[in-house]
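**Student:** Could you have a look at this structure, given as structure tokens, before my questions?
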Amino acid sequence: MSLLNRRRFLHSGFFASLFSRALAPSLAQQADSLSSMDGHTLFVGTQTGPGSQGIYRYSWNAEAGTLRPLGLAAPSIQPTFLTLSADRRFLFSANEADLFHGVHSGGVSSFRIDPSAQLTPVNSQPAGGTGTCYVGLDHSGRTLLCANYAGGSASSFLVSPEGEISPVVSNFHYTGTGPNHERQEAPHVHRATASPGNHFALFNDLGLDLIHIYRMDAATAKLTPHTPPAWQAPAGSGPRALRFHPNGRWAYCVTEMGSEIILLDWNEAAGTLTTRARYSLLPPGFHGRSQASEVVLDHAGAFLYAA
């Protein structure tokens, strides 16, 4: 499977994901934005190679619907997914590599955002597994979670007030296969999400049809096994993306091979997901190839969008 088949969708909205692909179809993978005096600065992650050196900046004008390139924000190795800290002082990237600074691993990197929206490197760490495809912060901003797709593993890190990432605090490697022999020949961790109450970390495993669940100590970034250890998705469906509703009680899981949204009830006290309903993303009678990728909600939780 090519890298493009498991690209990440924009953290904050469908429109900017489409724009990033239009600007550089083979490069731009994920973007995140922050407000500026002129509107918004859009950071775009890429697959690095002959045409790309790392993370790029664009000026986004929401009223006019235009993007203006501002050039390279920072060189980086395969920064295919980005996330911003809540205070917009730091940007973190997943480095989707098999070799990162001489270590057989992907990586995670931190950058300080200066007043002109340029990025200054803070530090990087090996991710504890190869093909790091997703990075996300917990609600305190102190725990960084990552998903290692190729390595079939998940990791956590502690983030300092200065944005520095610690070495791996917790690291879990999975084993097994799923019924889809082409896509589920091994575990493939695709998403890392903190629960609404910030007591749990959840990791979508496309290869094993599971969402692994761990108790999380946000003060130390330590993850510990939980009972039950996971939610079981339909066999061969490939749970790829996860998004919680603002009310903290519902979660929406997108399955890549199943092309469905699965509505889940979340119990923060028990740390459990329960299937409530399933919705197909495909029109009736569709028999072509489909790979669902992402789900987002508006801030009020009134509208849901899937790709």
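**Student:** If you take the residues of region 110-140 that are farther than 22 Å from Asn204 by Cβ and assigned to a loop (DSSP other than H, G, I, E, B), which of them is least open to solvent (accessible area, probe 1.4 Å)?
**Tutor:** Looking at the filtered set, the residue picked out is Ala117.
**Student:** Kindly provide the set of residues from region 231-249 that are hydrophobic (A, V, I, L, M, F, W, C) and surrounded by fewer than 19 Cβ atoms within 10 Å (Cβ to Cβ), ordered by number.
**Tutor:** Selection gives Ala235 alone.
**Student:** Still on this structure, please answer the following. Across region 46-68, what is the number of residues that are over 24 Å from the mean Cα position of the chain (by Cα) and part of a strand (DSSP E or B)?
**Tutor:** Final tally of qualifying residues: 3.
**Student:** Only residues that are open to solvent by 40 Å² or more (accessible area, probe 1.4 Å), within 22 Å of Gln184 (Cβ to Cβ) and of a type in the set (A, V, I, L, M): list them for region 250-305, please.
**Tutor:** Met257, Leu281, Leu282
**Student:** Could you run through region 70-82 and say how many residues are open to solvent by 10 Å² or more (accessible area, probe 1.4 Å) and over 18 Å from Pro50 (Cβ atoms)?
**Tutor:** Within region 70-82, residues that are open to solvent by 10 Å² or more (accessible area, probe 1.4 Å) and over 18 Å from Pro50 (Cβ atoms) number 1.
**Student:** Identify, please: which residue in region 154-171 is over 14 Å from the mean Cα position of the chain (by Cα) and assigned to a strand (DSSP E or B) and is, among those, surrounded by the most Cβ atoms within 10 Å (Cβ to Cβ)?
**Tutor:** Filtering region 154-171 for residues that are over 14 Å from the mean Cα position of the chain (by Cα) and assigned to a strand (DSSP E or B), the one surrounded by the most Cβ atoms within 10 Å (Cβ to Cβ) comes out as Phe157.
**Student:** Find the residue count for region 202-226, including only residues that are farther than 18 Å from Gly176 by Cβ, open to solvent by 10 Å² or more (accessible area, probe 1.4 Å) and not in a loop (DSSP other than H, G, I, E, B).
**Tutor:** The qualifying residues number 6.
**Student:** For region 243-272, name all the residues that are within 15 Å of Asn198 (Cα to Cα), aliphatic (A, V, I, L, M) and touching a residue at least 12 places away in the same chain (Cβ under 8 Å).
**Tutor:** Ala251
**Student:** Using beta carbons and a limit of 6 Å, which pairs, at least six apart or on different chains, have the first residue in region 276-303 and within 20 Å of Glu256 (Cβ to Cβ) and the second one of a type in the set (Phe, Trp, Tyr) and open to solvent by 60 Å² or more (accessible area, probe 1.4 Å)?
**Tutor:** Filtered contacts from region 276-303: Val296/Tyr305.
The values are calculated or read from the model by the stated rules, or taken from the named source; none is laboratory data. As the structure is a computational prediction, the values presented were derived from the model and not from experiment. As a convention, Cβ positions derive from the backbone with ideal geometry for all residues, glycine included, and neighbour counts pool all protein chains shown. Ligands, DNA and RNA are excluded from the accessible area calculation, which covers all protein heavy atoms including side chains. Shrake-Rupley method; radii C 1.70, N 1.55, O 1.52, S 1.80 Å.
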